[in-house]
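*Asks:* If you scroll down you'll find the structure; I have some questions about it.
Nothing in this text is a laboratory measurement; each read-out follows from the coordinates by a stated rule. This is a predicted model, so every value here is computed, not measured. Positions of Cβ are backbone-derived with ideal geometry, glycine not excepted, and every protein chain shown enters the neighbour counts.
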Amino acid sequence: MNVLICDDSMTIRKKLSKSIKSIDDNIKIFEASDGQQGIDMFKEKQVDLVFLDIIMPEKNGIEVIKEIKNYDSKAEIVVLSSVGTEKNLKAALKNGAKDFIQKPWTEKNIETILKGV
Amino acid sequence: MFAEFFGNYLLNKGIVNTDDLQKALDEKAKVRLKIGTIAINKGYMTPKQVKEVNELQKNKDKYFGQLAIEKGYLKKDQLDNLLNEQKSDYLLLAQALIDEDIMDMETFKKEVSNYKDENDLSDNAFEKLKNGKAEFIIDQLLEFDKDKEFFSKYVKLFYKNIIRFIDVNTTIKEIKKYENEEYRLIASQKIKKEDDTFYFTGIAGDVDSLLKISGLYAEEIFNEISAYSKDSLGEFLNLNNGLFSVNMSDEDIDLALSVQEINTDVKLDNNLLHIVPFKTSFGTFDLVIGIY
């Protein structure tokens, strides 16, 4: 499985990679540090699942969901944000995100998402 | 945590000096709490009665409680209460100071009473405070002119996250107004409320303590300020502020977070800010908050 982590925080990318690897070491992980890079990487690689932050430079998470969904309507996107307000949650789901996880995540959260793909 | 407040109070009163207090704080883990000290604290016995029973004990092979009942100073149910009393931190500190002859029992009784009066604490409030209810302590310490409830909720959440992610042995010291302190390193983030009020939040201090925080959060060891260590410190603040904005949105208060900033050698030019000093097992740091 190929997973794309799109988050401007290096700490989050590393911590999430570690969580994913501890669940399944065979998963291939790609990292993008802003919204545009995330979209470009999604188009380049065979991505099965995207973990996406909301507040990011270049393009925010909601714009990224729209563009990726426009390119591939079946894309699986899970929003992983520190600001899980109802407003953000609704915007993410309305635009096609599959799920929404409030930071800090637990390994159980990630495992459930990975199993669902 | 209350042991440190009470200790600081005794320090400010000149009853103990810094060395004595530090020694007693270190010793309190090893101290055996005596029934007499708890009885004075509860108001069941006077220091004079405790001293008398202590003297009697030297000549008779009996327990303190037994002798105090025989003398009519304690009732059976009071003794049971004393035996079941929680060994609160501040009583252990008092016992360490008494054992080391730094403070006598009369002074202990007098200063507990003075502390309650000076801080306008009812007996019930005092019980909560000495039993270490962190949330209650934070409320007692917060002296914001505006948005007290908002800041109180913020500090409580921040404290919980420090305990959860950084260090379980963290305590909060007296909250004070910012007075042009200069910080070697600070991670800050502004929070905007719907009515256009801006709040400043920051984690500030010396490089070693902040590198430790960023390392513990990232689960790495950082020895110097780097892009990664800065990111981790900012992300920890962002995590806390994100959770805070979720909590506030449940109360229909919409908050927007700015991008975190990491700066070195900073003096904040703002007299509306407050400092919440945190003491961890690896050092100290300040939470800086206020209206921006």
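*Asks:* Looking only at the range B:207-219, filter to residues that are away from every other protein chain (no Cβ under 11 Å) and without any contact (Cβ under 8 Å) to a residue 40 or more places away in the chain; which one of those is surrounded by the fewest Cβ atoms within 10 Å (Cβ to Cβ)? Steps first, please.
*Replies:* The first filter runs over the range B:207-219 and keeps only residues away from every other protein chain (no Cβ under 11 Å), leaving B:207-213, B:216.
Narrowing further to those that are without any contact (Cβ under 8 Å) to a residue 40 or more places away in the chain: B:207, B:211.
Details: B:Val207: 16, B:Leu211: 23.
Applying the filter and picking the extreme gives B:Val207.
*Asks:* Take the range B:157-170 and flag every residue that is buried (at least 18 other Cβ atoms within 10 Å of the Cβ) and either of a type in the set (A, V, I, L, M) or out of contact with any Leu (no Cβ under 9 Å at 6 or more places or on another chain) (or both).
*Replies:* Selection gives B:Ile162, B:Ile166, B:Thr170.
*Asks:* Select from the range A:15-30 the residues that are touching an Asp or Glu at 6+ places or on another chain (Cβ under 8 Å) and free of Cβ contacts under 8 Å to residues at least 60 places away in the same chain and write down the one among them that is surrounded by the most Cβ atoms within 10 Å (Cβ to Cβ).
*Replies:* Residues of the range A:15-30 touching an Asp or Glu at 6+ places or on another chain (Cβ under 8 Å): A:15-19, A:22-23.
With the extra rule that they be free of Cβ contacts under 8 Å to residues at least 60 places away in the same chain, the set shrinks to A:15, A:17-18.
Values: A:Lys15: 22, A:Ser17: 17, A:Lys18: 14.
The extreme case among them is A:Lys15.
*Asks:* Here's a follow-up. Of all residues being within 14 Å of another protein chain (Cβ to nearest Cβ) and closer than 22 Å to A:Ile23 by Cα in the range A:83-117, which is surrounded by the fewest Cβ atoms within 10 Å (Cβ to Cβ)? Just the residue, please.
*Replies:* Out of the qualifying residues, it is A:Thr106.
*Asks:* Quick check on my filter: what residues within the range B:162-184 are touching a residue at least 24 places away in the same chain (Cβ under 8 Å) and over 30 Å from B:Leu11 (Cα atoms)?
*Replies:* Scanning the range B:162-184 gives a single hit, B:Phe165.
*Asks:* In addition: Only one residue in B:Phe198, B:Phe236, B:Phe222 is on the phi < 0 side of the Ramachandran plot, touching a residue at least 12 places away in the same chain (Cβ under 8 Å) and within 14 Å of chain A (Cβ to nearest Cβ). Which one?
*Replies:* Details: B:Phe198 fails: within 14 Å of chain A (Cβ to nearest Cβ); B:Phe222 fails: touching a residue at least 12 places away in the same chain (Cβ under 8 Å).
Being on the phi < 0 side of the Ramachandran plot, touching a residue at least 12 places away in the same chain (Cβ under 8 Å) and within 14 Å of chain A (Cβ to nearest Cβ) holds for just one of B:Phe198, B:Phe236, B:Phe222, which is B:Phe236.
*Asks:* Looking at B:Ile289, B:Ile203, B:Ile225, can you tell me which residue is touching a helix residue (DSSP H, G or I) at 6+ places or on another chain (Cβ under 8 Å) and farther than 20 Å from B:Asn161 by Cβ? Let's see the steps before the verdict.
*Replies:* Numbers: B:Ile289 fails: farther than 20 Å from B:Asn161 by Cβ; B:Ile203 fails: farther than 20 Å from B:Asn161 by Cβ.
After applying the criteria, what remains is B:Ile225.
*Asks:* Shifting gears a bit: If B:Arg164 satisfies all but one of (1) within 10 Å of another protein chain (Cβ to nearest Cβ); (2) over 21 Å from A:Arg13 (Cβ atoms); (3) in contact with a strand residue (DSSP E or B) (Cβ under 9 Å, 6 or more places away or on another chain), what's the number of the condition it fails?
*Replies:* (3)
*Asks:* Is at least one residue of the range B:262-282 exposed (fewer than 15 other Cβ atoms within 10 Å of the Cβ) and facing another protein chain (nearest Cβ under 9 Å)?
*Replies:* no
*Asks:* Let me ask something else about it. Kindly indicate which of B:Thr197, B:Thr201, B:Thr264 is under 21 Å from the mean Cα position of the chain (by Cα) and among the hydroxyl-bearing types (Ser, Thr, Tyr). Talk me through it step by step, then tell me what you get.
*Replies:* Working: B:Thr197 fails: under 21 Å from the mean Cα position of the chain (by Cα); B:Thr264 fails: under 21 Å from the mean Cα position of the chain (by Cα).
Only one candidate qualifies: B:Thr201.
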